[in-house]
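A short reminder: the numbers here are calculations on the coordinates, not readings from a lab. Worth saying up front: this structure is predicted, and the values here are computed from it rather than measured. Counting neighbours? That spans all protein chains shown, and the Cβs are built from the backbone with ideal geometry, glycine included.
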């Protein structure tokens with residue numbers, strides 16, 4: 001009985017989500033003006049720093065996972 005109730009609630013949430021997606025207002029029609037340009041920010045300004053942080057975080061996750069595996073519970 002519990003599985004059927006869970007499926008029922010998931011179905012209701014799914015249907016309500018679809019109805020709100022289709023009920024979104026339409027964007028206003030274009031009036032011939034161009035949108036303002038985006039700010040002049042460089043996307044890859046600190047790419048090396050971010051890459052370094054990502055590598056360190058990956059090493060940390062792998063090390064943490066290996067310690068969990070090696071320690072007996």
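When each of the peptides 8-14, 27-33 is scored by the mean number of other C-beta atoms lying within 10 Å of its residues, the order from highest to lowest reads 8-14, 27-33. The distance between label points at residue 31 and residue 5 comes to 5.4 nm (points 7 Å beyond Cα on the Cα→Cβ vector).
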